[in-house]
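Visitor: The structure under discussion is supplied below as structure tokens; questions concerning it will follow.
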Amino acid sequence: MSELQALFGGTFDPIHFGHLRPVEALAQQTGLQRVTLLPNNVPPHRPQPEASAAQRVDMLRCAIAGLPLFDIDTRELARDTPSWTVTTLEAWRAERGVAQPLGFIIGQDSLLSLASWHRWQDLLSLCHLLVCQRPGYATRFEAPEMQQWLNEHLAGDIRQLHQQPAGHIWLADTPLYNISATEIRRRRHQNLPCDDLLPPAVIDYIDREGLYRD
Ligand code: ATP
């Protein structure tokens with residue numbers, strides 16, 4: 001059987017330790033061999049990232065240099081439509097087949113807002129959801145029907161993630177990082193240091209490109 005792989009979508013404006021560290025812990029915990037970072041396209045009618053798509057990818061490259069767990073897939077940037085995860089997962093399945101175990105990694109905040117995602121009910125037919133903890137967010141859904149949906153799909157055992165291609169939710173026991181890209185951009189705009197929030201190679205890139213200045 002093929003090894004469990006995972007996709008990790010985000011705007012990554014910029015990528016930071018709140019993305020990298022929990023995912024590294026998740027991978028160790030679950031035996032994940034490969035995590036593919038999937039930078040989002042942000043459609044024109046939405047608030048735009050401050051960094052360009054090319055800069056966001058460059059920052060991912062800086063961040064993962066020397067980290068063999070990670071690679072990058074830029075397919076969503078090639079579209080000029082919104083990044084619908086379900087569409088990306090369908091394309092991925094068409095390429096890799098239905099049998100490959102696949103996780104889609106999200107933070108707890110994304111889990112809580114999942115019901116607003118396009119065709120969210122189709123997601124578990126395409127992947128497992130691997131959820132990293134994020135400080136400051138509730139550990140339960142407010143809506144009882146969402147909590148019930150979660151309970152019904154919780155994986156009882158890591159082996160289910162490897163033995164089945166999709167269908168389970170794994171609430172990982174990951175370290176808490178109280179970091180957001182918003183906070184990093186805010187600190188940069190105010191000339192405050194961010195040394196402990198993101199990899200030095202990404203900070204160097206931000207400095208070189210003059211990103212997140214006022
Ligand atoms: P912004 O502050 O610009 O909204 P962000 O820091 O939340 O950005 P995104 O690129 O939007 O980062 O997040 C991509 C994914 O990473 C989402 O699933 C989100 O839940 C998760 N994530 C982001 N930051 C953390 C964190 N500190 N801990 C756990 N998960 C996180």
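FYI, it's all coordinate maths here, none of it is from the lab. All of these numbers come straight from a predicted model, not from anything done at the bench. Cβ sites come from the backbone with ideal geometry, for glycine too, and all protein chains shown count toward neighbours.
Visitor: Can you list residues from other chains, or at least 5 along the same chain, whose modelled amide H is less than 5 Å from the amide H of Arg34?
Guide: Distant-sequence amide H within range of Arg34: Ala6.
Visitor: Using only the alpha carbons, work out the radius of gyration and Dmax of the chain in angstrom.
Guide: Just the Cα atoms of the chain yield Rg and Dmax of 17.0, 51 Å.
Visitor: While we're looking at this one, here's another question. Please list 3J(HN,Hα) in residue order for the range 145-151, calculated via the Karplus relation 6.51 cos²θ - 1.76 cosθ + 1.60 where θ = phi - 60°; whole Hz, with x for glycine and proline.
Guide: Computed from phi, the couplings for the range 145-151 are 5, 6, 4, 5, 4, 4, 4 Hz.
Visitor: Above 18 Å lies some portion of the pair distances; for the range 8-79, what is it as a whole percent of all C-alpha pairs?
Guide: Looking at the range 8-79, the distances longer than 18 Å represent 36 percent of pairs.
Visitor: Apply the Karplus parameterisation 6.51 cos²θ - 1.76 cosθ + 1.60, with θ equal to phi minus 60°, to every residue of the range 107-122 and state each ³J(HN,Hα) to the nearest whole Hz, in sequence, with x for glycine and proline.
Guide: x, 4, 4, 5, 4, 5, 9, 4, 5, 8, 6, 4, 6, 4, 5, 8
Visitor: Right, something else. Can you bin the range 35-141 into rounded, prolate or oblate? Criterion: square roots of the alpha carbon gyration tensor eigenvalues sorted a ≥ b ≥ c, rounded for a/c under 1.5, prolate for a/b above b/c, oblate for the rest.
Guide: Since a/c stays below 1.5, the shape of the range 35-141 is classed as rounded.
Visitor: Let's test this: bin the Cα-Cα distances of the range 122-214 at 5 Å from zero up to the farthest pair and state each bin's percent.
Guide: Spelled out bin by bin, the range 122-214 gives 3, 11, 16, 15, 11, 11, 10, 12, 9, 2 percent.
Visitor: Next question. Which cross-chain or sequence-distant (5 or more) residues have an amide H under 5 Å from the amide H of Ile105, H modelled 1.01 Å from N in plane?
Guide: Distant-sequence amide H within range of Ile105: Leu7, Phe8, Gly9, Leu130.
Visitor: Quick one: putting +1 on the C-beta of Lys and Arg, -1 on the C-beta of Asp and Glu, what dipole do you get for the chain around its Cα centre, in Debye to the nearest 20?
Guide: 120
Visitor: Now a separate question. How high is the relative contact order of the chain, in percent, counting Cα pairs under 8 Å that sit 6 or more residues apart?
Guide: 27
Visitor: Continuing with this model, one more query. Per residue, how big is the convex hull of the range 172-214 when only Cα atoms are used? Give it in Å³.
Guide: Dividing the Cα hull volume of the range 172-214 by its residues yields 80 Å³.
Visitor: Taking θ = phi - 60°, what integer Hz values does the Karplus form 6.51 cos²θ - 1.76 cosθ + 1.60 yield along the range 31-46, in sequence order, with x for Gly and Pro?
Guide: Per-residue couplings from phi come out as x, 5, 9, 8, 10, 9, 6, 10, x, 6, 7, 9, x, x, 7, 9 Hz.
Visitor: Arrange Asp13, Asp122, Asp80 by Cβ neighbour counts within 10 Å, fewest through most, would you?
Guide: Asp80, Asp122, Asp13
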